[in-house]
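Report on the following structure.
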Amino acid sequence: MGAVRELPRGAISNEVVNRLIALHTPTLQFHHEERYFPCDVVWFLRRAQLAKISGGRFQGPVLLDWGCVSQGDLLECQQQHANLALWIPDSEHRVGQHPEDLDEAVPVYAHAKLVCEVPEDPSQPVVAEALEITYLTFYAFNGEYPLAGLHCLPVGHHEGDWEHLTVRLQPPPGFSCCSTNTAMATSPGAQAPSTPQPEASGQETFDEQVPGLSSVEEQASAWRLQGVWYNSHRNCEGEWVEGAHVPRDPRTGRIKAFVARSGHGVYPRAGRTLRLFGAANDFTSDRGVLWTPTRVLRMCGTDYGPELMACASRGCVLPDAPTSHPAAPVPHDLPGVADDCSDWQRFKGHWGTSPAPVRQCWFHAPEPPLSRTHWQRLVWVCAPDVQRLPPGRRRTAPAAATAAAGTAAGAGSAAGSPVRAPKQPEEQGQGGGGACTSAVALSVDGTSTAAAAAQGAPAASAGGSA
């Protein structure tokens with residue numbers, strides 16, 4: 001592993017990040033035959049049991065029974081036992097919350113990370129490549145697939161299901177996350193400081209980097225939509241859609257995603273997606289329930305705390321977002337965004353058979369640099385995952401020379417878009433979600449991060465079920 005460099009915190013203010021989260025919150029179109037809908041995590045915990053899991057099977061005894069799973073007790077059991085899993089014993093509640101209640105009752109969860117290109121030359125600055133915002137939905141149950149279309153052969157059903165899509169935003173021209181005298185640690189095992197450190201001299205702030213953008217709305221509008229990662233099943237099965245081609249909900253102007261029947265994979269289109277030799281195809285539809293979330297809870301209860309985390313680039317084949325013509329349409333009737341420090345976010349066991357979000361690769365690292373092809377989904381299912389692109393195939397950072405056109409086109413376009421007053425979650429966690437660290441360690445070759453190790457998850461793994 002190469003030298004480890006530290007990225008100072010505060011590259012983007014929380015207010016700007018939350019505004020960006022609101023601007024890009026998607027609508028989700030369900031299949032007209034869908035039976036299992038999302039639910040609020042707190043709603044799920046009130047109906048769940050906690051037990052041990054081994055080989056995908058729940059084993060007794062029950063550690064916390066139905067109605068007794070508090071978030072504090074959940075973390076206490078985690079300290080005493082390994083291989084824990086939450087699940088709903090009553091099949092009546094596995095369908096999730098009522099479709100008519102989704103807009104107001106069920107939140108979308110969001111997690112943001114700054115993707116950085118780390119030069120091998122320590123005298124060169126760390127370059128902000130993109131901001132990735134991941135939107136998570138949770139389902140109490142993943143429905144079955146009729147194997148090869150035969151309903152007498154149901155497969156693939158399981159307890160618990162975390163799904164997501166990720167929005168990738170291009171920094172404003174001229175934006176830099178830190179200066180050349182960034183603090184460095186050259187030992188392979190160097191860790192990020194656990195207590196706040198003084199800011200490095202010469203460190204710049206967002207306001208200084210983009211003169212003339214004073215309001216939160218103006219700052220947020222300067223970030224351009226580069227693309228959306230529509231994730232389905234394993235993390236490597238997703239696909240990128242360029243920003244200019246991302247589908248939009250005509251009523252609200254929001255990014256639109258189509259949720260596959262039963263399995264809940266997320267796609268940019270309605271129709272059939274061939275998978276696994278045609279035996280486990282996904283079906284999406286534009287005739288089902290349309291979920292327009294009004295609440296987004298930003299996950300600030302993990303060990304990262306409320307500060308924006310950073311991760312090393314894996315490269316990306318998406319072209320730069322255009323700066324010569326107007327920005328993407330600004331959605332209206334935006335959701336409320338609240339920082340949520342609930343304790344459940346530090347639970348590292350399983351939600352049903354799905355690993356906790358903090359154990360998923362996409363929580364700590366950027367999305368895969370390449371889309372899965374239709375051929376790979378259908379036939380070459382064991383195709384090796386692309387962990388990162390070689391430098392020659394990576395998108396270059398935005399050139400500062402295009403600053404004027406891009407900033408002028410985006411500035412002010414989001415200023416008049418109303419944001420709903422955020423509602424507080426039903427139940428807040430007992431703790432604050434861990435101390436905020438002042439830096440995130442990034443390796444030059446991108447193979448690991450100290451922050452990912454702190455979460456107990458591999459930084460470079462491309463696996464994951466959500």
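So here's what we get for this one:
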read-out	value
First in region 86-102 and within 12 Å of Gly160 (Cα to Cα), second anywhere and open to solvent by less than 50 Å² (accessible area, probe 1.4 Å) and among the aliphatic types (A, V, I, L, M), Cβ under 6 Å, 6 or more apart	Leu86/Ala48; Leu86/Leu50; Ile88/Ala48; Ile88/Ala140; Arg94/Ile88; Arg94/Ala140; Gly96/Ala140
Where Gln345 falls short, out of the listed (1) outside any strand (DSSP E or B); (2) open to solvent by 30 Å² or more (accessible area, probe 1.4 Å); (3) at pLDDT 95 or above	(2)
Cross-chain or 6+ apart pairs with Cβ under 9 Å, region 284-297 first and closer than 23 Å to Ser342 by Cβ, then among the basic types (Lys, Arg)	Thr294/Arg420; Thr294/Lys423; Arg295/Arg420; Arg295/Lys423
Filter result for the condition that a residue is part of a strand (DSSP E or B) and not polar (S, T, N, Q), over Ala82, Ala22, Ala128	Ala128
Failed item, numbered, when Pro250 is tested on (1) under 17 Å from Leu318 (Cβ atoms); (2) without any contact (Cβ under 8 Å) to a residue 40 or more places away in the chain	(1)
Test: residue in region 298-315 that is modelled with pLDDT under 85, open to solvent by less than 10 Å² (accessible area, probe 1.4 Å), among the small types (Gly, Ala, Ser) and closer than 30 Å to Val95 by Cβ	no
Every pair of residues 6+ apart whose Cβ atoms lie under 9 Å, when the first sits in region 332-354 and is without any contact (Cβ under 8 Å) to a residue 60 or more places away in the chain while the second is aromatic (Phe, Trp, Tyr) and open to solvent by 10 Å² or more (accessible area, probe 1.4 Å)	none
Matching residues, region 45-66, being part of a strand (DSSP E or B) and of a type in the set (A, V, I, L, M, F, W, C)	Leu50, Ala51, Ile53, Phe58, Val62, Leu63, Leu64
Total residues in region 86-107, condition touching a strand residue (DSSP E or B) at 6+ places or on another chain (Cβ under 9 Å) and part of a helix (DSSP H, G or I)	7
Given (1) within 30 Å of Trp223 (Cβ to Cβ); (2) surrounded by fewer than 22 Cβ atoms within 10 Å (Cβ to Cβ), number of the condition Ala82 does not satisfy	(1)
Matching entry among Val69, Val42 (being outside any strand (DSSP E or B) and buried (at least 20 other Cβ atoms within 10 Å of the Cβ))	Val69
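So that you can scan it fast, the table gives a plain yes or no per residue for (1) at pLDDT below 90; (2) of a type in the set (D, E, K, R):
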residue: Asp207; (1), (2): yes, yes
residue: Ser215; (1), (2): yes, no
residue: Arg248; (1), (2): no, yes
residue: Phe258; (1), (2): no, no
residue: His264; (1), (2): yes, no
residue: Phe277; (1), (2): yes, no
residue: Ala280; (1), (2): yes, no
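The values are calculated or read from the model by the stated rules, or taken from the named source; none is laboratory data. Since the model is a prediction, treat every value here as computed from it, not as a measurement. For neighbour counting, all protein chains shown are included, and Cβ atoms are generated from backbone atoms with ideal geometry for every residue, glycine included. Each accessible area value is taken on the protein alone, full model and side chains, heavy atoms only, with ligands, DNA and RNA left out. Shrake-Rupley method; radii C 1.70, N 1.55, O 1.52, S 1.80 Å.
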